[in-house]
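Some notes on the structure that comes next.
The values are calculated or read from the model by the stated rules, or taken from the named source; none is laboratory data. Since the model is a prediction, treat every value here as computed from it, not as a measurement. Don't worry about glycine lacking a Cβ; one is built from the backbone with ideal geometry, like all the others, and counts go over all protein chains shown.
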Amino acid sequence: MPESGTRTAATQDNTIQTSASTPISQDAAAVRPVATAAAPARRRWLPWIIALVAALTAIALCVAFLTYRAEMWGGRSLPDTATIAAEASVGGDSAYQDSLTGEQVKRVLAARGFRPELIREFSAKTRGLFLGYADHHAGQRLHSGATVGVRVSGGPGVPEGTVGQQVADVIDTLESMHVPVQYKQVVVSDTTRYPAGQVVATDPADGQAVPDDQMAQGITVGVAAEGSGVPFDIVGEDAQQASDRLTSQGYQVTLEPRFSSRTYIGKISGSSPGPGSALDSGQAVTLYYGVDASADRDMLTVNDHGFRTATGDLSVLAGRYCKASADGGEGGCVTLEATSSQYSAGEDTAIRIAGHDEPMTLYNFSQDISGMVVEPDANHLFDADDLPMRNHLLLKDWGMFEVYAGMGIMRCGTQPISYGPGEYCDNGILRTYDPAGDWYPTENTGLTYDMQDFLVYFPVGSDINELEASGYFDAEALAVARQQDAVDTDRPFILLRDPSQYEQTSVSTDTAPHGDPFVPGNDHGVNPLVPMKPAVSNDTVYYLVEQSEPDWNTLPDLNVESDDSTDNNGKSGNKANTAASGAIFNDIAGSYGFASGSGGWTTTLQVNRDGTFSGYYSDTDLGDVSDEHPNGIRTESTFQGVFSKAKANDDGTYTLQCDADKLNIEGNIGDSRIEDGTLVTISEPYGIAPCTTFTVYPQGYDSSRIDEDVLSWSTAWYFDGIPDKLDTPIIVNNSHKESFYGES
């Protein structure tokens, strides 16, 4: 059939003719319709794909944001005080935040992966409290392991670099410590080196904290001024040249040695009166010049009737000693102060650690001079090997020497045995008996040797290597010290024995009498002293705080105003004068009494270091009785008040301004009550009211210069007459001369 044949032929030919000139492949014709049908489907899926990618991207960004915010990557942020308080488990309110310590902040930061470093700075805040971050702020993001400075309060103090600045530039900083600040005139000779108004000295020293026991005294600032006297800049001069210069000016000069840093060897390191003090014409002055370890025997021993003994004046060691890293806190500094010993006949030729009672000496107790001899005498009464002090470091010629309390005396309980007749120890209780009686104790029981204050003093030039090689130190303590920073041998320092490092600090002598193992001795050539702990290192020693300090109390006050010299009421103020008031209050703080001496009435007064006061007045009449008050009558007044200002006068007295608005009396004046059969009536405080101005005659004041009206009240306190120099202050109400005498 023609059509069928034609289709077959076309199929076999595999070509379709659509026109005369355009042949189309049958394969292409078969495929093209399929492609044309799939295109719309792909276009429908494309938005979904884009949406999916966008969603996944958004999720990834969200996850990244959330994990970043959760500080899972990209570092961590510094917490604020509320967060720190919460993480430190001390609470999150403001009271807890204000009491955060630097150590608490350090622990929280360490737990977050930071490396916190404590940076101490002086402030009015309590020592150890957190002040803030250094060079960073709360919320700032830092990488893990970043070092973060943590500012910690070192308590009030004198910031390093105060000395050398103009006084006007440091007033605000010092006043911000919230302790009294006094300003004093200090005489200088070189006004080019020390221009007028420059801070040349401070107490505490530059860079030192105010000691806890001197908070009421506060800070004293010495300011350069021209004048005649011992110039402050005499310090560091050649000793002989300085002496010759003052001698040529008509002063009587004595030179005395003092242990000092290497800088001052052979040069002036201090004076008495202190550097910067004004002098009267022809006045005597002592200049101290620096010496090193080679002078220890010359300074600490004396010739006593042909014997060289260790009874020199130890007051030359007095001063403040601080650790290299000390912030002035407890344990950071030690003060050695002059005191008397049983051999010094009332003279302050021994020393003690401030706050401790026991005097410290160079030697042990002995019944004769032999215990103090440091070298054989010309008559060879004492052989060198037999000297009780043979094993003391002072005799080693190494430069250093021991100073200690107790003198190797046994103790009965807390009391030292005097080795005198009529005294014995009964199981640790000191008892007495009559040596002339029929009974006497057969033995002492409860006697002990106890570890007491003990130090080694190292002047510049001490041979520390020789000491270490001698076995003086505990082996473990020495190993620890050698892992620490080396000591600064250019400065004098002391090493205190640490009882907390010893298992045994007391030994009984009941069963085995022996020498004291806690002090050096000579037991047939053997030294019984226990090895020293700790050993010498920069971490363990206390360096002499070497400041050529003026005699602050003798220097004239200097009125200095800061740029901000107005009080809260807008009135002109003077911060230096306010600070001077604080110094006066510190001098007169104590208990006082006002009475006639015949009984019946009295007023007591307690003056505090901040100028506040309190007291009690009472006047009793036991003869005024009735059925309602069979035990008589009493007029009384319990009061509190404030001396708002204090100033020093040219005649050596002080004037106090009593703030009448702040004089408070318990109850209402005139009110009465019956108490235990006595009619009690409230009145004004006799001697205090009216609350206007008061005059203070300070301790040491010449009593011949005091008004007779004031002295008339002295009979209640001085039965044999008032002394030539007041041994306690007198506070006088200027209204009617009522006089309060200090209680000694």
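Within region 47-82, restricting attention to residues that are among the hydroxyl-bearing types (Ser, Thr, Tyr) and at pLDDT below 80, the residue that is farthest from the chain's Cα centre (by Cα) is THR57.
Here's the yes/no breakdown for (1) surrounded by fewer than 19 Cβ atoms within 10 Å (Cβ to Cβ); (2) over 27 Å from GLY623 (Cα atoms):
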site	(1), (2)
ILE669	yes, no
ILE674	yes, no
THR681	yes, no
ILE688	no, no
THR693	yes, yes
ILE706	no, yes
LEU711	yes, yes
HIS736	yes, yes
SER739	no, yes
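The single condition among (1) over 22 Å from the mean Cα position of the chain (by Cα); (2) modelled with pLDDT under 80; (3) in the same structural domain as PHE719 (by TED's automatic domain parsing) that ARG609 does not satisfy is (1). If the condition is being in a loop (DSSP other than H, G, I, E, B) and either modelled with pLDDT of 90 or more or farther than 21 Å from GLN283 by Cα (or both), then region 208-248 contributes GLN208, VAL210, PRO211, MET215, ALA216, GLN217, GLY218, VAL230, PRO231, VAL235, GLY236, GLU237. For the residues SER228, SER176, the requirement of being among the hydroxyl-bearing types (Ser, Thr, Tyr), surrounded by fewer than 16 Cβ atoms within 10 Å (Cβ to Cβ) and more than 15 Å from PRO275 (Cα to Cα) singles out SER176.
Based on what the data block shows, is ILE429 exposed (fewer than 13 other Cβ atoms within 10 Å of the Cβ), in the same structural domain as VAL334 (by TED's automatic domain parsing) and modelled with pLDDT under 95? It is true that ILE429 is exposed (fewer than 13 other Cβ atoms within 10 Å of the Cβ), in the same structural domain as VAL334 (by TED's automatic domain parsing) and modelled with pLDDT under 95. On inspection, GLY312 does not qualify as under 29 Å from TYR363 (Cα atoms) and surrounded by 20 or more Cβ atoms within 10 Å (Cβ to Cβ). Exactly one residue among TYR183, TYR133 is at pLDDT 90 or above, outside the structural domain of SER325 (by TED's automatic domain parsing), within 24 Å of ASP203 (Cα to Cα) and among the aromatic types (Phe, Trp, Tyr), and that residue is TYR183.
Going by the conditions given, is ARG297 surrounded by fewer than 20 Cβ atoms within 10 Å (Cβ to Cβ), in contact (Cβ under 8 Å) with a residue 12 or more places away in the chain and under 17 Å from MET400 (Cβ atoms)? Taking the combined requirement at face value, the residue satisfies it.
Residues that are among the acidic types (Asp, Glu) and more than 14 Å from GLU546 (Cα to Cα) within region 489-500 comprise just one, ASP498. Has region 406-418 got at least one residue that is modelled with pLDDT under 85 and loosely packed, with under 15 Cβ neighbours inside 10 Å? The answer is yes; a qualifying residue exists.
Residue by residue, here is whether (1) at positive phi; (2) among the β-branched types (Val, Ile, Thr); (3) out of contact with any helix residue (DSSP H, G or I) (no Cβ under 9 Å at 6 or more places or on another chain) holds:
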position	(1), (2), (3)
VAL186	no, yes, no
ASP203	no, no, no
ASP213	no, no, yes
ASP233	no, no, yes
LEU255	no, no, no
VAL291	no, yes, no
ASP296	no, no, no
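Of all residues in region 277-324, those satisfying the criterion of being of a type outside the set (A, V, I, L, M, F, W, C), assigned to a loop (DSSP other than H, G, I, E, B), within 30 Å of the chain's Cα centre (by Cα) and modelled with pLDDT of 90 or more are ASP292, ASP313, LYS323.
With respect to ARG258, is the statement that it is under 27 Å from VAL223 (Cβ atoms) and not in a helix (DSSP H, G or I) true?
yes
Scanning region 446-497 for residues that are out of contact with any Ser or Thr (no Cβ under 6 Å at 6 or more places or on another chain), basic (Lys, Arg) and under 22 Å from ASP296 (Cα atoms) gives a single hit, ARG497. Of all residues in region 368-381, those satisfying the criterion of being assigned to a loop (DSSP other than H, G, I, E, B) and touching a residue at least 40 places away in the same chain (Cβ under 8 Å) are VAL374, GLU375, ASP377, ALA378, ASN379. Residues being under 18 Å from VAL291 (Cβ atoms) and touching a Phe, Trp or Tyr at 6+ places or on another chain (Cβ under 6 Å) are entirely absent from region 472-490.
Just a yes or no: is a residue in region 364-375 more than 25 Å from MET410 (Cα to Cα), modelled with pLDDT under 95 and surrounded by fewer than 21 Cβ atoms within 10 Å (Cβ to Cβ)? Taking every residue of region 364-375 in turn, at least one turns out to be more than 25 Å from MET410 (Cα to Cα), modelled with pLDDT under 95 and surrounded by fewer than 21 Cβ atoms within 10 Å (Cβ to Cβ). Which of the residues that make up region 696-729 are among the hydroxyl-bearing types (Ser, Thr, Tyr) and free of Cβ contacts under 8 Å to residues at least 60 places away in the same chain? TYR697, TYR701, SER703, SER704, SER712, SER714, TYR718 - these are the residues of region 696-729 that are among the hydroxyl-bearing types (Ser, Thr, Tyr) and free of Cβ contacts under 8 Å to residues at least 60 places away in the same chain. Within the option set GLY145, GLY139, GLY149, GLY164, being outside the structural domain of ALA88 (by TED's automatic domain parsing) and small (Gly, Ala, Ser) holds for one residue only, GLY164.
Considering the conditions (1) outside any strand (DSSP E or B); (2) modelled with pLDDT under 90; (3) surrounded by 11 or more Cβ atoms within 10 Å (Cβ to Cβ); (4) not acidic (Asp, Glu), LYS647 is excluded by exactly one of them, (1). Kindly establish whether LEU605 is over 16 Å from SER739 (Cα atoms) and of a type in the set (A, V, I, L, M, F, W, C). Spelling it out, it is not the case that LEU605 is over 16 Å from SER739 (Cα atoms) and of a type in the set (A, V, I, L, M, F, W, C).
Among the residues of region 397-423, just one is closer than 14 Å to PRO520 by Cα, β-branched (Val, Ile, Thr) and under 32 Å from the mean Cα position of the chain (by Cα), namely VAL403. The set of residues from region 390-445 being touching a Ser or Thr at 6+ places or on another chain (Cβ under 9 Å), assigned to a loop (DSSP other than H, G, I, E, B) and hydrophobic (A, V, I, L, M, F, W, C) comprises TRP398, MET400, MET407, ILE409, MET410. Note on region 584-600: among residues that are touching a strand residue (DSSP E or B) at 6+ places or on another chain (Cβ under 7 Å) and assigned to a loop (DSSP other than H, G, I, E, B), the one that is modelled with the highest pLDDT is ALA589. When the test is whether a residue is outside any loop (DSSP other than H, G, I, E, B) and either modelled with pLDDT under 90 or aromatic (Phe, Trp, Tyr) (or both), PHE719 does not pass it.
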